Amino acid sequence: MGAGDLSAALWQERRQLELLLFRLETQRLHVAAGNIHWLTFTASEVEAVLDRLGFEALARNVESAAVAGEWGLPAQATLVELIASAPLGPWPAILQDHLDGLRELLARLRQAARTNEELLRSLELPAGPGDPAGLLDHLAIAGNIERALAITRRATQPLMAQYLGDDANSR
């Protein structure tokens, strides 16, 4: 374990965050085009990336705690604190590059999640029909929208922002 392993974990997490951004943009495009019938699939794809991100965050936390210990910091040190305590050499610049890239990705994710949430909230359900089968379809669409909203809210990655030392700016 060491700074190289932390850097590799950060790269993995950055790739998953990029995939999350792609999935959110895909969802937005489908909803904007009126393809609400794909909402269950797009929400599931976003959720799958969020689940993988949980594992990536765990791996990053393990590597980060190991590096923090090597550099005389508490295990829960932020990336900003790691950069400030990094030994002379390439690690301050490499970790700063990760910090800058992750901050940019989080800003883009927050905007994408906000846009998707607004778009999902603006969806108007067709009037509930009188027949029970139509009512069931109506309820299913409403449930899919609520599920997509709940998943979209998770996309902002507040724990990553906290790790970056940006928890006050993550809202």
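The values are calculated or read from the model by the stated rules, or taken from the named source; none is laboratory data. Note that the structure is a prediction, hence the values are computed from the model and not measured. No Cβ is skipped: glycine too gets one built from the backbone with ideal geometry, and neighbour counts run over all protein chains shown.
In region 1-32, how many are buried (at least 16 other Cβ atoms within 10 Å of the Cβ) and of a type in the set (A, V, I, L, M, F, W, C)?
Looking only at that region, the number is 10.
Please go through region 1-30 and pick out each residue that is in a helix (DSSP H, G or I) and either of a type in the set (S, T, N, Q) or at pLDDT below 95 (or both).
Residues satisfying the conditions are SER7, GLN12, GLN16, THR26, GLN27.
Mind listing whichever residues of region 65-91 are touching a Ser or Thr at 6+ places or on another chain (Cβ under 9 Å) and assigned to a helix (DSSP H, G or I)?
Hits for region 65-91 are ALA68, LEU79, LEU82, TRP91.
Taking only pairs six or more apart or across chains, which ones have beta-carbon atoms under 6 Å, a first residue in region 40-57 that is touching a residue at least 60 places away in the same chain (Cβ under 8 Å) and among the small types (Gly, Ala, Ser), and a second residue that is surrounded by 14 or more Cβ atoms within 10 Å (Cβ to Cβ) and assigned to a helix (DSSP H, G or I)?
Close Cβ pairs satisfying both conditions: ALA43/ARG147; ALA43/ALA148; ALA43/ILE151.
So, in region 34-51, of the ones that are surrounded by fewer than 15 Cβ atoms within 10 Å (Cβ to Cβ) and at pLDDT 95 or above, which residue ends up farthest from the chain's Cα centre (by Cα)?
Filtering region 34-51 for residues that are surrounded by fewer than 15 Cβ atoms within 10 Å (Cβ to Cβ) and at pLDDT 95 or above, the one farthest from the chain's Cα centre (by Cα) comes out as PHE41.
State the number of residues belonging to region 66-78 that are touching a residue at least 12 places away in the same chain (Cβ under 8 Å) and surrounded by fewer than 17 Cβ atoms within 10 Å (Cβ to Cβ).
4
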